[in-house]
Amino acid sequence: MSNMKRRQRNNKDKNNYNDQKDVEAADDNDVGKHISTDFVKNQNTYLRLLFMVGIVATCIGLIYGMNMSYNGNWCHRTEVQVHRQCNLMKDIIQILKNNNFESWLCYGSALAAYRDNGKPMPWEIDDDICIMSDDLEDIEKILIEKSKELNIRVEIPDDFGVVAMKVFFKPLTENGNDNIIDAYPAGEYNIDFYAHKEKTYWGKIKMVQNIGFVRDRYKRDVPASVLKPFKQLNYCGEDTIVNVPGNISVYLSHLYGTEFRRTQKLVSNNGFRGWRCILSFS
């Protein structure tokens, strides 16, 4: 009898032990579920927060880009800016012609003259004029003498880069006094001058080379047979005739690839300012 009671008590203890294990396991499971639920909630909160930050950052970027484009500082220049740009280009080109300086439109300006019916590309903030290095000092001197008349300033970079001289607009003032009414009248537009020299290799191959110490020779040095004799195109209107490389299609395809004729393209090397400007033109 005692053995039977002992077995019953053992079975009862065993059942109690199993029940306790089940309860503990259930408690552990509940804790796990609670932790898992909290983790998912926290993760969702973080994701929502990141999403909201992304939305805010995108909106700020769009507003900033649209504001810059509207003011002509980025991607799309205003008609007033382009008009003033063209007026200065006409004056500079006429000065070069009157003084018999050899010059030609190059790089982005040559691309615009060839591809965009002689109109400057609205997303560019400079024009490119190539000259011979022997004329650089004389051109600089004449432009400095005419700087007040043209309302420009002339700078010679000291970084040994490919640009030999830069011409900028001066800030406009009101009625001749010191009150600046337009600090950057053309979106900091400038004209870049690139100085070149001719060099002959092996007694027969003539190259026109940029004199910049730091330059991409593959892009900046051009066979004389591609450059000369010059071709003439209109730029900034029919009354302005400019020189461009004689074999301009070869010249432009060398610089910008075979699809240079496309006005807008998502690449950085055809005068278009890459993906940043797509929003302004889409």
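The values are calculated or read from the model by the stated rules, or taken from the named source; none is laboratory data. Computed from a prediction, not measured in an experiment: that's the story for all the values here. All Cβ positions, even for glycine, are placed from backbone atoms using ideal geometry, and neighbour counts span all protein chains on display.
A few comments on the model shown:
- Considering region 127-141, the residues that are buried (at least 20 other Cβ atoms within 10 Å of the Cβ) and out of contact with any Ser or Thr (no Cβ under 6 Å at 6 or more places or on another chain) include one that is farthest from residue 260 (Cα to Cα), namely 139.
- Residue list for region 232-274, filter: over 18 Å from the mean Cα position of the chain (by Cα), surrounded by 15 or more Cβ atoms within 10 Å (Cβ to Cβ), at pLDDT below 90 and not in a helix (DSSP H, G or I): 236, 240
- Subset tally (residues that are of a type in the set (Asp, Glu) and either in contact with a helix residue (DSSP H, G or I) (Cβ under 9 Å, 6 or more places away or on another chain) or within 14 Å of residue 88 (Cα to Cα) (or both)) for region 115-152: 6
- Qualifying residues in region 82-106 (those that are within 26 Å of the chain's Cα centre (by Cα) and surrounded by fewer than 16 Cβ atoms within 10 Å (Cβ to Cβ)) - the one modelled with the highest pLDDT: 87
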